[in-house]
1. Grab the Cα-Cα distance for LEU45 and ARG192, subtract it from 0.36 nm times how many residues apart they are, and report the gain in nm with one decimal.
2. What is the spin-label model distance, in nm, from LYS14 to ASP79 if the labels are put 7 Å beyond Cα along the C-beta direction?
3. Taking the Cβ of each residue in MET203, MET74 as the centre, tally the other Cβ atoms inside 10 Å and list the residues starting with the fewest.
4. As an exercise, take the mean of 1/r over every pair of distinct alpha carbons in the range 5-225, invert it, and state the Kirkwood radius in angstroms.
5. Given +1 on the Cβ of Lys and Arg, -1 on the Cβ of Asp and Glu, and no further charges, what dipole in debye does the chain carry about its Cα centre, rounded to the nearest 20?
6. With each run of n ≥ 4 DSSP H residues scored as -39500 (n - 2.57), what mean residue ellipticity at 222 nm is computed for the chain after dividing by its residue count and rounding to the nearest 500 deg cm²/dmol?
7. In the P(r) worked out for the range 128-184, what percent of Cα pairs fall beyond 15 Å?
8. Compute for the range 1-96: radius of gyration divided by Kirkwood radius, i.e. Rg/Rh, restricted to C-alpha atoms, rounded to two decimals.
Amino acid sequence: MNSRIIVALDITNKPLNWFIDFINTTKKLVAGYKFGLPFLIRYGLEGFKEISKLIDNKHYWIIDFKLADIAPIMINTVDQLVKIGYNTYIAHAFIGLEGGLLKLKEFLSKHNSKLLLVASMSHKGSLDIIDKCLPHILEAIKKLKPWGLVAPATRPERIVEIKNFLLENNIPAKIFSPGIGAQGAAPGTAIRFGADYEIIGRMITLSNNPVKIIEETNKIHKDIVGEDHR
């Protein structure tokens with residue numbers, strides 16, 4: 001199944017076995033899963049180890065700690081997760097390259113892992129500071145050439161701006177877009193404006209029938225982009 005859905009597993013009111021069952025049930029229908037700090041705080045490294053037993057090389061297993069520190073701290077933060085198979089990591093772009101993102105990317109590349117940089121966030125507060133710095137963030141992206149970027153489905157014009165920048169500078173970065181469902185963007189919004197994947201959390205994980213929601217969203221994506229042969 002070629003899907004453009006990343007499921008954000010940020011809920012914390014379920015037992016760990018719920019996540020294992022959920023992944024086993026949906027694995028053939030989605031492109032990957034995203035785990036953030038709420039999962040770490042609630043289930044700890046042991047929780048990540050249990051989930052790692054399900055890891056394969058067909059999906060994105062994304063760690064979203066929104067890393068924003070000096071390189072040694074960021075590397076130490078993700079080291080244990082890299083070793084057990086999680087293959088994609090999200091960091092903030094605004095921290096800069098020297099002493100920060102350059103070393104992180106080098107470390108991840110050495111371990112066959114991918115780096116996603118946050119170009120803009122899905123909440124309105126991103127307009128206050130992060131989006132005002134977008135020209136500088138895009139310049140950092142141009143220099144670093146990360147594997148992927150995060151841009152909001154809640155502001156599709158931002159996706160268009162970032163996509164055009166990538167095309168103009170021959171940067172083959174993938175765009176992952178949060179903000180679908182609970183934050184207000186309709187499924188397919190980000191794909192329609194140039195994103196490669198939509199990150200969807202509560203709309204799926206809080207549904208009484210998550211498989212149905214996933215299948216309906218996959219159909220929306222297919223109707224937008226046609227048969228996907230990535």
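Nothing in this text is a laboratory measurement; each read-out follows from the coordinates by a stated rule. What you are looking at is a predicted structure, and each value in this text was computed from that prediction instead of being measured. Heads up, the Cβs are rebuilt from the backbone with ideal geometry, glycines too, and the neighbour counts pull from every protein chain shown.
1. Gain on extension, LEU45 to ARG192, equals 49.2 nm.
2. Label-label distance for LYS14 and ASP79, simple model: 3.2 nm.
3. MET203, MET74
4. Its Kirkwood hydrodynamic radius stands at 17.6 Å.
5. 240 debye
6. -12500 deg cm²/dmol
7. For the range 128-184, the share of Cα pairs beyond 15 Å comes to 48 percent.
8. 0.96
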